[in-house]
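Let me begin by presenting the structure, written as structure tokens, before commenting on it.
The values are calculated or read from the model by the stated rules, or taken from the named source; none is laboratory data. It should be emphasised that the depicted structure is a prediction, and the values quoted were computed from it without experimental measurement. Reconstructed Cβ throughout: ideal geometry from the backbone, glycine too, with neighbour counts over all protein chains shown.
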Amino acid sequence: MPEKTTRRALLSGLAALAACKDAGGSKGPIERIVSTSPSTTEMVFAVGRGDSLVGRSSFCDYPPEAQKIEVIGGFSNPNLERILALRPDLVCGERGPSWPGSIAPIEQAGIRTFFPPIDRVSDVSKAIEELGALLDRRDRALEVTRAITGKIEAVKRLTESETRVRTVMLFDWKPLVAAGPGSFPDEVIALAGGENLVKSGGQYPKLSVEGLITLDPDLVIDGSAGAYPEGPEVLVATIPGLSALRAAKSGKLRRLEGTSAIRPGPRIGEGVETVARLLYPERFASP
């Protein structure tokens with residue numbers, strides 16, 4: 001194994017030890033895993049340990065095999081009794097508003113936990129490698145993260161010479177809620193070659209109709225993940241004033257399909273490409 005690869009694997013192992021809080025429980029092999037978030041469920045499958053998952057949140061919908069696994073509650077309100085009844089060796093998930101208090105009872109029961117900080121796209125690869133080291137799947141984890149890097153670099157090569165598309169990504173329409181500065185989708189837009197026009201108000205600010213009209217984006221991306229049966233064209237038409245948007249007049253209202261672009265998991269490279277295709281469809285057109 002090359003020296004750089006060996007060193008990277010060693011660092012991943014050390015990072016995994018730091019990210020995995022051991023509350024004094026068994027330090028034996030991890031054979032039973034509960035995942036409380038969609039992103040970590042995808043990570044477990046991606047590194048080849050999906051067969052060890054015995055519990056998942058009701059929002060864990062990918063890959064399709066995940067839907068066969070027992071549900072332990074929602075993302076923000078997992079059922080502690082159900083988790084403990086599954087006798088997991090490891091409980092993993094994303095850090096939510098209630099972290100770390102929400103996992104304290106699990107650690108007190110002697111169960112290992114893995115809740116890595118994921119605020120940036122680069123954090124996704126770091127978490128996958130840490131999880132791979134923890135689950136004895138280092139090589140597979142490196143394959144996954146290299147694929148993510150390769151996909152994002154390919155998108156950059158295709159779009160770096162283009163004028164950045166002035167974009168707003170909305171996650172709700174009633175009220176208008178957008179991807180703001182410092183949010184995960186904000187970085188995805190940038191990596192895809194776009195410019196997020198929402199530059200203040202927090203990570204997911206509410207916008208007034210007047211505020212959105214003032215921004216007047218070239219492209220509006222509907223990131224509401226199917227929360228509304230109507231397409232963005234219909235939604236814009238039902239909100240007084242929005243038909244005046246440049247994006248509406250030019251027919252550049254696009255729905256973001258799937259969850260790969262907004263979920264900090266192993267499909268994030270595909271997610272960046274998905275957004276780039278909305279920004280620059282001509283760059284991805286078949287010859």
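What the table below lists for this structure:
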| read-out | value |
| --- | --- |
| Residue count for region 64-82, restricted to those that are part of a helix (DSSP H, G or I) and over 19 Å from D51 (Cβ atoms) | 3 |
| Residue within region 204-220 that is under 21 Å from S122 (Cα atoms) and part of a loop (DSSP other than H, G, I, E, B) present | yes |
| Of the criteria (1) modelled with pLDDT of 95 or more; (2) touching a Gly at 6+ places or on another chain (Cβ under 9 Å); (3) within 28 Å of A276 (Cα to Cα); (4) not assigned by TED's automatic domain parsing to the domain that holds S243, which one R138 fails | (3) |
| Pairs with Cβ under 6 Å, 6+ apart, first in region 186-204 and without any contact (Cβ under 8 Å) to a residue 60 or more places away in the chain and over 15 Å from T214 (Cα atoms), second basic (K, R) and not in a helix (DSSP H, G or I) | E195/R164; E195/R166 |
| Wholly enclosed strands (runs of 3 or more DSSP E) of region 105-183 bearing at least 2 residues under 30 Å from L207 (Cβ atoms) | 165-173, 176-178 |
| Lone qualifier among R277, R283, R263, R254 - being in a loop (DSSP other than H, G, I, E, B) and of a type in the set (D, E, K, R) | R263 |
| Residue within region 236-244 that is among the aliphatic types (A, V, I, L, M), within 24 Å of the chain's Cα centre (by Cα) and in the same structural domain as L278 (by TED's automatic domain parsing) present | no |
| Within region 226-237, tally of residues that are aliphatic (A, V, I, L, M), surrounded by fewer than 15 Cβ atoms within 10 Å (Cβ to Cβ) and in contact (Cβ under 8 Å) with a residue 12 or more places away in the chain | 1 |
